């Protein structure tokens, strides 16, 4: 039965009261290298990031990965010549692209992901998806890196490598992606006791974090994504790219399912949904409120009591929900020079 009051799960209440911080210390570098370990400063309510012992975070590795991320040299040998990762992932909009058509997933907090791309074509660690990017997407010219005037020394400093290999490029990029952490939004500062959200924002949080809005199942704190796949009812039938996860697994219940994107910095990452069909947060909220379409593979989380699939939110509840979503904007992440281009 749908609750009549705005109830918040007990675990969420604990998170809302968390104010301390934790410092994650990575594994020591491999013997024989002279690198400087790098630690991530994370709020206490963040889970430990996935950092393989074979690729610990170092200042040298992160700096190298940052340069590769912004360097069009990465694509000199592939179908996207003249492009860098940053060509489609711009820092001021949370490392995504403000465009129509297929939505570009933001590069934010991927250190906690095990599924990558909209349909989960790549699963595993950041090293696994970076290998896909290096070998298949960009088809990086490793020989060109070895004859470059700067890169051989940079790779030697980061990995003790006398000869650059695909593995070295993969590891450098993976380290950089782990550095791309967003954890200083208004909501984060509220959780740390530094500020107090407005009444509208708090009411929106209560809608979000209860069965009234029913958002928290797929977008739980603190990462604002469950990193899973869901058919959220965008259509009643599916063809082409819209089949989503089904294209990878062939499982009928994966038809129309796509990866849950993080809601961090969501106010800046329009257009929304995998196909970019919505331009505003108001449109997104109204879709969840009254636009969900039934299909055989519709995620059970999208069903509601009664014959309809509507939430039945009031205009004020919808406005409050948008206000809460705006608290997820992290200006530090969007403007930090250390995350910008080194060129």
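The values are calculated or read from the model by the stated rules, or taken from the named source; none is laboratory data. No experiment lies behind these values; they were computed from the predicted model shown. Because the Cβ atoms are built from the backbone with ideal geometry, glycine has one as well, and the counts that use them run over all protein chains shown.
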Look at residue 56 and say whether it is at pLDDT 95 or above, closer than 29 Å to residue 141 by Cβ and assigned by TED's automatic domain parsing to the domain that holds residue 155. yes
Can you tell me which of 212, 285 is surrounded by 20 or more Cβ atoms within 10 Å (Cβ to Cβ) and farther than 24 Å from residue 109 by Cβ? 212
Consider residue 163 carefully, then state whether it is surrounded by fewer than 16 Cβ atoms within 10 Å (Cβ to Cβ) and assigned by TED's automatic domain parsing to the domain that holds residue 142. yes
Going through segment 133-154 in order, the residues found to be closer than 16 Å to residue 61 by Cβ and in a helix (DSSP H, G or I) are 134, 145, 151, 152, 153, 154
Tally of residues being farther than 21 Å from residue 222 by Cα and in a helix (DSSP H, G or I) across segment 92-119: 1
